[in-house]
Structures are given as C-alpha cells and as structure tokens.
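First up is the structure itself, then whatever we jot down about it.
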Amino acid sequence: MVVKIELLGGLDMLFKKQKELSLELAELGEDKTLKSLIHFMAEKIESPTQKELFYLDGTVRPGIIVLVNDQDWELLDKEEYVLEDKDQVVFVSTLHGM
Amino acid sequence: MVVKIELLGGLDMLFKKQKELSLELAELGEDKTLKSLIHFMAEKIESPTQKELFYLDGTVRPGIIVLVNDQDWELLDKEEYVLEDKDQVVFVSTLHGM
Amino acid sequence: MENISNYNDGQATLTGEEYARYGRQMIMPEIGLPGQLALKNSSVLIIGVGGLGCPAAQYITAAGIGTIGLLDGDVVDKNNLHRQVLHSTSKEGMSKAESAKQYLQDLNPNANILTYVEYASPQNLFEIISAYDIVLDCTDNQFTRYLISDVCVWHGKPLISASALQFEGQLCVYNYRNGPCYRCMFPNPTPVVTSCSKSGILGPVVGTMGTMQALETIKLALHMKGINKEPFVPFILLFHTFRFPQWKHIRIRSRQQSCAACGPHKMLTRSFIESSPSEYATLCDAVPKTEKNL
Amino acid sequence: MENISNYNDGQATLTGEEYARYGRQMIMPEIGLPGQLALKNSSVLIIGVGGLGCPAAQYITAAGIGTIGLLDGDVVDKNNLHRQVLHSTSKEGMSKAESAKQYLQDLNPNANILTYVEYASPQNLFEIISAYDIVLDCTDNQFTRYLISDVCVWHGKPLISASALQFEGQLCVYNYRNGPCYRCMFPNPTPVVTSCSKSGILGPVVGTMGTMQALETIKLALHMKGINKEPFVPFILLFHTFRFPQWKHIRIRSRQQSCAACGPHKMLTRSFIESSPSEYATLCDAVPKTEKNL
Ligand SMILES: [Zn+2]
Ligand SMILES: [Zn+2]
C-alpha cells in the first residue's frame, strides 16, 4: 500500500528539495485521508515559518491545490478523500510569475 | 478485461476518424498478444490501399511505433507482448512535417 | 488609450491575400473558411507584453485574429530579452506595447492592433476589457491576476491565464462556460513567500507557456463561435522542465457556489472594486510595488 | 557558406553586459555562471528556419548560446508567416537564413550567427555539421530527416528533432549517449502516404514544438558540459491539440544493435552517402521534389 507524492510550484523547497516521495500508507496510522496525509507532510517541515507556507488552519495554505490521480481534489472529497494503494498525489503551488 | 487504444499521427484517418477505441480482450480470441491486436485492427480497415498504410508483412508498417502504457514496445516484447486488463496501447505514425 | 474600431462586427469574407496567407490553416476541416472568419471576427486583449505576451501576441497575430489589444506600461529592457523575444536591443526604452505593435504589424498587416501604454488597474480595466471577446493574463503578480479575473467575471469574458517561474509553467482557462474563475481555484491570496523570491526564469519555459496560450486562444475563439462543438472541460496544464513526465493535464473543479467573485452571492461588484482600493487590495494580497510584467 | 569562428573555444568569463542580460536565468542554481558559460561555449546548427526553426532560433539566441548556424535555401513567403513568425511581410523574397539573422542579431548582439543559404544535401552536410556541438532538425521531409540523422551519427553529434502536422507535434532527442538515432526508431522509410498530403498546420502547434526544441537544446548544452549530471533517459514527446491529455512523455528504446546507421555493423558510411546518391536515396524514401522547410 504505497502512495506516490510529488511537489510542484516550488514546494520541494520546503521538503529539502525532494521532488518526489513514496509513502507507505501504514505510516499515516488509522486515518488514511488526505487530511491525515497533509498533517503528516506538515510534520516533516521543521521550521515553523516554512511550515506555514504549506500548512495553515489544519489544511494546505491558500494557493496550493491538491491533485489525486490527475484530478483536482475538489472533484473528490477534498480532505476527506481516503487514499488507496498506488494513488498519486500532487501538491502544487500557484505560480504568479517572477 | 478492456484495453484502450489511441491513434495518433493521422492514423485515425484509417479508422473512420475514430481517435480512441475500447476493446474487450475477449474479442481477440485465444491470442492476446500485440501481434494479434495489430491483426485485429488491420481487419477493421476495408480498403486494401488504406490497410497497407497500417499493416505490412504481418506487423505495423514502417514509420509506426507502438506504445504500451507510455512505453515504447521495444522496451517490452514487441509483437509478443501479452495484453493485460486496462493496458493503454497507442499507435503513432511519425510526422515528417507538412 | 485608443478606441477600438468596429472591425470585429462580423465580416463575412476574406480578401485574396488573406486566403493565401491563412491557406495552410484553412485547409484543415476543423478550421476552414468559417473558422478563419471566426478568428477574424474575434478580439483578444493581451495584458502584459513580456515573456508570456511576446509569443502569445506573435502567434495570435500571425493566425489572423482580427483585433488585438496590447496593454503594458513598461518599457523594453535588454536585461529581459532572454525571454521577451519579440522586442530587441535597439528598442531599449521604448514602450513594450509600441515595440510589439511595430513588430506585429509587419508580421501581419491585416491585424487591427491597439496599444494601451499603462498598467492594469481597478480604474482602467473595466472599460478596456469590455471591448474584447477574450482576455489573456500574461502578467506576473498576484494582485493583477485577481484583478483581471474579477473584471473578466464582471463582464462575462473568458480568461486564458499562464504563468512561469524558474523551470515550471502553468496554464488555465478561467471563466468560460461551466469552468471556474481564478478565485474559484484560489479563494484566498497567498501569504507572501519570502524564501524563494529571487527565483529567475528560463526563456523557453515562459515561451512555451505563452505559445500554448495562443493555441488555447485559437481553440476558444473557434469554440465561442460554434466552429468547435465539443463540450468544454475545465483543465489546468502543469509543466516542469526536469520532471518525467514534463506535462500534466489535470481536470479541475467547475464554477464554485462559494466563490466571492462568480458565485450566486458575489460580493466583488464593479463599484466596490473601482472605489474601495484598500479594501479590495486585501482581497488580492498587497498592492504590487512594481507592476513589471513577466 | 561562412567559416565558423573559433568563438566557442572555451571562454571563461562573461562581460558585464552579459551578466545583466542573462541574470534572470543565471540566478537559478541549476544554471549559474558555469551554466551560462556552457551555453556561451556551445554551438548549435538549426537546419530549416521555418515554423520550427523560427521559435527555436529566437530562444536559443536569447538564452546566450554562443554560436548559431542557420541553414535554409528557401526565401520568406508571406503565405508561410502564419507559422514562421520571425520573418515579416516586408522581407518577402529575402533568404530565410538572412532574414532570421537580421532579427536575431538585434535580439542578442552577443551571438555569433552564421548563415548557410542552401538546402541540406549529402554533399554539404558532413562539412557543415562537423563544426557544431548540437544539431536541430527543423525540416519537413523524410529524406532530409534520415540524412541529418545519418550525418549526425557519423560525426557523433546529438540531434534534437521535432515535427508538426495539422494539430499534432512530436519531439525527440536522437544520438545522445545511450539514446537511439532516427533509424533506430524508424529503420525503414515510410511508404508514400497520399491520403492526407495536403494537411495544413496550425502556427502555435509548430511554435510550441520549436520552443520546446530550444528548451531541450539548453538542457542538452548543460548536460554535455557536465552542468546537469542526471542520467539521460531516451524519450519522445507527443502532442495533440484536441486530445486529453494533450501531452505524452514516452520512454523509448536505446541504441539498437541492428541499426544500419549507428549499430556495430553500420553500413551507412560517409563515402557511401556522399557518392551513391540513388542507392542512398532508396534508404531514405524518394528524393524530395521541393525541399521547403516547415
Ligand atoms: Zn469563481
Ligand atoms: Zn541507430
């Protein structure tokens, strides 16, 4: 039961430049929802100021969209979506330009 | 047991402008190889001159490459690859330009 | 600011020169004469004539879009030419909108090209956008992106938005049919990210995104005039130079009931946007210090 | 034909003007000063200055590639300007290579630009290609595609090849490291397809493919000079305007033992290609009647 996670829009900077991660679903504990995954990811970020760039008020910060298997999570159950084996999750931050 | 087939590089013109087809694997009979699929596809083309643009000497004509699940069939077993449920097969003709 | 002519009032024919010039695209049954006339009778506003706006303007003009507006208050700077490839070293200091018009008018003398040498603002944008069929967001900052989207929603105009940073690009069609507006996707402004501000950009990355904006513009012009009848499916394109696969094509949410701009309880009215600058700015992050276009 | 200068003999510094001009791409750690010097010390030959070659040349020149060769025997024709956006109406009848050089030299005066006002042939291509690090195939016919690939194999030069037709595009890097050559992918010429010959092309489709060629050129120049150390994985990019997803990024075969051009039993020697025109032509389909570049 493995989930693949990809970071786009500069979010890899918050995760030690890791662009892709593999996660054993068991690591999330009982709760296998996206909400739980987001919390798990946030815990990986040590610096509180950096954490705020990913995690705010119990979910991803504004400007980040979450994709599951090439679909916007709004088309699924958002935070309540329950992850399945081989799901591909992408966190992408909106780019404004330079 | 369904296989999705996509036609690129103008090959849809040979299949009544169908760009995508779904195929029940059972339709191929006993032999579920790519070779069998190519033969099955060729049989759909009525005009012999059109058929030659897809099928020559028992396989796809030169200039067509075959992709299975976003991989060149040369990385698999080419004609001998045995199709599985939910495989995505793309036939693509090389473009030279206009 | 110029007044838009009535060029796009529904011309039913092409000249002989136009038949020859557009022959290689008209020969395709998906375009044909009806498609070419649809392009000729369409008007497109390009906001920002920088790294995205340069290729977008080139291909839109070349394809025969009848009326093209170029809005940019900035001037040509050779330190931006690594990505703003329609300008040139000898035009240093010239208005980018005027520099682009010079180039584009020689690329296609048939195009009716209007320039607006100013930055997009709550005061000028409602009037300018009202005259166009399609708007392209080729800018580079969050405030302007919210503003353009909100004004497009107010006028019911579709918006083709792209952005690029470092080795990445994004493209989305907003506010068309059942599709979302920018605030449906991003209801709240992003907190200021200080860590990776001096980020840089590679020219062909922003060039690819701008060229793809031109492609989506042609598709949209054909769709709006009924030439292409396929249902519109909201999507976002994501690009990264160094990833495999380089491109992701993602189905996204449709219009959101909860949206402050386009939902049934829309609160972002024209009068609010035009006359409450500081309140409106808090809904779009901070007012940008320099509104330099990408 | 001009002689290539020794511009790309390994310059170790940038001028102040170059630091400013390329600052927005040098700021990225993946490029930096070593990357910019790698670009400056690279030479790129663009074969065909049409729909693919125009944007490829724009972005390659703008990015600071030191030496750029433009090979095209054709002249500017306004009926091609819907996709050949670097030329212009007033340059009708001028050599496309010269028209492009005029434009590019003003875009970036630092570039060393050489023109070859001729078509690629078995007689001229060995000498021309020998002087360059990277070759771009921006042509439009099967014979020339095989010829360019075969000569690149002979000289050991990587080839970035793109093509576009109607609403579709393809891009592939050939003959680099473990990757295939064009004949590894397509061992035999395609029988002549008469059914869809008058096919047309949409400008931004070929524009996107040409811009992506420029991007792959920059990636390859960085990789060849050791700036990017990731392993090279052979791929082909496929694009279709109206499909979902629009892009496919496909892993392809590596160099083939059975290949007549690059395999261990290679039979396509320089002397055979140069001196057996009719025998060689049968290995590349028919000799093209008009060698007009896309
Ligand atoms: Zn909305
Ligand atoms: Zn080979």
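The contact residues of the stretch B:62-93, meaning those that lose at least 50 Å² of 1.4 Å-probe accessible area when all protein chains sit together rather than their chain alone, are B:Pro62, B:Ile65, B:Asp70, B:Asp72, B:Glu74. Here is the interface size for D with C: some 5600 Å² of accessible area buried, both sides summed, with a 1.4 Å probe. Could you check how many percent of all C-alpha pairs in chain C are farther apart than 36 Å? Counting pairs separated by more than 36 Å, the tail of P(r) holds 12 percent.
Here, the stretch C:194-246 has an Rg and a Dmax of 15.4, 47 Å when only alpha carbons are counted.
With +1 on each Lys and Arg Cβ and -1 on each Asp and Glu Cβ, and nothing else charged, work out how big the dipole of chain A is about its Cα centre, in Debye to the nearest 20. Don't skip to the answer; put the middle values down first.
Values: 11 positive and 20 negative charges, 96 e Å.
The dipole of chain A has a size of about 460 debye.
Note on chain A: Cα convex hull, mean projected area over all directions, 6.2 nm².
In this model, which of B:Lys16/B:Lys44; B:Lys19/C:Lys157; D:Lys157/D:Lys229; A:Lys4/A:Lys35; C:Lys96/C:Lys157 are farther than 21 Å apart at the alpha-carbon? Among B:Lys16/B:Lys44; B:Lys19/C:Lys157; D:Lys157/D:Lys229; A:Lys4/A:Lys35; C:Lys96/C:Lys157, the Cα-Cα distance tops 21 Å for B:Lys19/C:Lys157; C:Lys96/C:Lys157.
Given their separation in residues at 0.36 nm each and the Cα-Cα distance between them, C:Thr89 and C:Leu33 gain 16.3 nm when the chain is fully extended.
Averaged across the residues of D:85-92, what count of C-beta atoms belonging to other chains lies within 10 Å of each residue's C-beta? Could the numbers behind the result be given before it?
Working: counts 14, 5, 2, 7, 8, 3, 1, 0.
For peptide D:85-92, the averaged partner shielding equals 5.
Look at the stretch D:176-186: the mean tally of other chain Cβ atoms within 10 Å of its residues' Cβ atoms is 1. Helix hunt in chain C: which complete DSSP H runs extend at least 24 Å axially by C-alpha with mean Kyte-Doolittle at least -1.0? Helices meeting the criterion: C:203-224. Normalised by the number of residues in chain B, the average gap of Cα pairs under 8 Å and 6 or more apart makes the relative contact order 41 percent.
Using equal-weight Cα scatterers in the Debye expression, the normalised intensity of the stretch D:126-179 in log10 at q = 0.13, 0.19, 0.23, 0.26 Å⁻¹ is -0.31, -0.62, -0.86, -1.05.
D:Glu274 sits with roughly 60 Å² accessible to a 1.4 Å probe, with DNA, RNA and ligands left out of the calculation. The angle between the Cα long axis of helix A:34-43 and the longest principal axis of the Cα atoms of chain A comes to about 50 degrees, rounded to the nearest 10.
Please express the shape of the protein assembly as shown as an equivalent ellipsoid: the semi-axes are the square roots of 5 times the eigenvalues of the C-alpha gyration tensor, given largest first in whole angstrom. Display every interim value, and only then the final one.
Numbers: eigenvalues 301, 213, 150 Å².
In descending order the semi-axes read 39, 33, 27 Å.
Taking only the Cα atoms of the stretch D:97-200, the radius of gyration and Dmax are 15.4, 47 Å. The convex hull around the C-alpha trace of the stretch C:1-125, projected and averaged over every direction, spans 8.3 square nanometres. Highest mean packing first, where packing is the average number of other Cβ atoms within 10 Å per residue, the peptides C:136-142, C:206-212 line up as C:206-212, C:136-142. Name the nearest-to-axis residue of chain C, judged by Cβ distance to the rotation axis taking chain C onto chain D, and quote that distance in whole Å. Taking the axis that maps C onto D, the answer comes out as C:Trp247, 2. Per residue, chain B reaches -3500 deg cm²/dmol at 222 nm when only DSSP H runs of four or more residues are counted, each adding -39500 (n - 2.57). Distances between copies of D:Met94, taken at a point 7 Å out from Cα along the Cα→Cβ vector and listed shortest first: 1.4 nm. Label points for B:Glu52 are taken 7 Å from Cα along Cα→Cβ. From this copy to the others they lie 7.2 nm apart, shortest first.
With an 8 Å Cα cut-off and a minimum separation of 6 or more residues, compute the relative contact order for chain C in percent. Please list the in-between numbers first.
Values: 571 pairs, mean separation 59.7, N = 294.
Over chain C, the number comes to 20 percent.
Take every Cα pair under 8 Å whose residues are at least 6 apart in sequence, average their separation, divide by the length of the stretch D:1-119, and the relative contact order is 27 percent.
Roughly how crowded by other chains is peptide D:239-247, in terms of the mean Cβ count from those chains within 10 Å of each of its Cβ atoms? Write down the numbers at each step before the final one.
On the way: counts 4, 5, 6, 5, 5, 5, 9, 6, 7.
Mean partner-chain Cβ count within 10 Å for D:239-247: 6.
Accessible area per residue of the stretch C:112-211 at 1.4 Å probe, in Å²?
Working: 2430 Å² over 100 residues.
For the stretch C:112-211, the per-residue accessible area is 24 Å².
Across the copies of the chain, D:Phe126 has label points (7 Å from Cα along Cα→Cβ) spaced 7.3 nm apart, shortest distance listed first. Of the residues in the stretch D:70-84, those shielded by at least 20 Å² of accessible area once partner protein chains are present, compared with the chain alone at a 1.4 Å probe, are D:Lys78, D:Asn79, D:Leu81, D:His82, D:Arg83. Listed by chain and number, the aspartates and glutamates whose alpha-carbon sits under 12 Å from that of D:Lys225, ignoring those within fewer than 8 places in the same chain, are D:Asp133. Shown for chain B: the carbon plus sulfur share of the solvent-accessible area, taken with all protein chains present and a 1.4 angstrom probe, equals 48%. Here each label is just a point 7 Å from Cα along the line to Cβ, and for D:Phe272 and C:Ser276 those points are 7.8 nm apart.
For the stretch D:204-256 and the stretch A:1-54, what is the separation of their Cα centres, given in Å? Cα centres, the stretch D:204-256 to the stretch A:1-54: 29 Å. Among the trypsin sites (Lys or Arg not before Pro) found in the stretch D:20-76, not one is both in a DSSP coil and sparsely packed, with 11 or fewer other Cβ atoms within 10 Å of its Cβ.
Looking at the stretch B:6-98, the DSSP beta bridges with both ends there are about 80 percent antiparallel. Between D:Asp106 and B:Lys19, with labels modelled 7 Å along Cα→Cβ, what's the label distance in nm to one decimal, could you check? Placing both labels 7 Å along Cα→Cβ, they lie 4.0 nm apart. Based on DSSP, what percent of beta bridges with both residues in the protein assembly as shown are antiparallel, to the nearest 5? So the antiparallel bridges in the protein assembly as shown amount to around 55 percent.
Bridge orientation summary for chain C: considering DSSP beta bridges with both residues in this region, about 50 percent are antiparallel.
Once each part is reduced to its C-alpha centroid, what is the distance from the stretch C:48-115 to the stretch D:116-139 in angstrom? First find each Cα centre; the distance between them is then 32 Å. The portion of the accessible surface of chain C made up by carbon and sulfur, rounded to a whole percent, is 53 (1.4 Å probe; DNA, RNA and ligands excluded).
From the largest down, the stretch C:206-293 spans 42, 35, 23 angstrom on the principal axes of its Cα atoms.
The values are calculated or read from the model by the stated rules, or taken from the named source; none is laboratory data. All values derive from a computational prediction rather than experimental measurement. Using ideal geometry, Cβ is built from the backbone for each residue, glycine included, and neighbour counts are taken over all protein chains shown. Areas reflect the complete protein model, heavy atoms only, side chains present, ligands, DNA and RNA absent. Shrake-Rupley method; radii C 1.70, N 1.55, O 1.52, S 1.80 Å.
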